[in-house]
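This report concerns only the one structure given below.
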Amino acid sequence: MIGVNLPLLLLLVAGCGPRMERAPAPRAVAGLTMDSSRYELTPGPYGPQARIVATFRAPADTTVWLLHCNGAIAWGLQRFTRGAWRDAWVVMTNECLSPPFVLRGDSAFVDTLVFNASAGAVIDSAGIGPGTYRVAFYNVLTSFDPELRPFGPELPMQRRVSAPIAFTASR
């Protein structure tokens, strides 16, 4: 783990659901940090699964609007393939629009992301297994107007993805 105080992180993520905080914290790599750089895919009732604690920190000079449906955010896994990061799996969420989470400059949003191949859309024909990925957040906007379609411009991708993470098979 790079630059994260684990006891403080565990205290912040204890309990249910996502939350926002405005406490001093280390700068995020590309805006999104994970609680680990390695995750073991363990057997679950619907296939391999992993739990990832993610912290998204809004850029210091920007307010962002994080769209969600009853607290469920749009996120996914990207795999580095043929010289580029490509979507490999995207979580499925209901099609509703709750009032967005608003993160003012340098505020953080912490959520436990549960990866399970059956709870999302597998986009990569190779499937999801051991390998190198990164987490991406979708629907992170730099302005929000409920009367417009789309609701506003997205924060650039490089500011809403994690550093590479590794998935390993359970032993």
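Just so it is clear, none of the values below were taken in a lab; they were calculated from the coordinates. All figures in this text were calculated on a predicted structure; none of them were measured in a lab. When we count neighbours, we look across all protein chains shown, and the Cβ atoms used for this are built from the backbone with ideal geometry, even at glycine.
What does the extension gain come out to for ALA121 and LEU148, with contour length at 0.36 nm per residue minus their alpha carbon separation?
7.0 nm
Highest mean first, how do 130-143, 42-55 rank when packing is the count of other Cβ atoms within 10 Å averaged over residues?
Those peptides, ordered most packed to least, come out 130-143, 42-55.
In debye to the nearest 20, how big a dipole does segment 50-152 give about its Cα centre with +1 on each Lys and Arg Cβ and -1 on each Asp and Glu Cβ?
The dipole magnitude comes to about 380 debye.
Residues with beta-carbon under 10 Å from that of ALA166, excluding ALA166: net charge, scoring Lys, Arg +1 and Asp, Glu -1?
0
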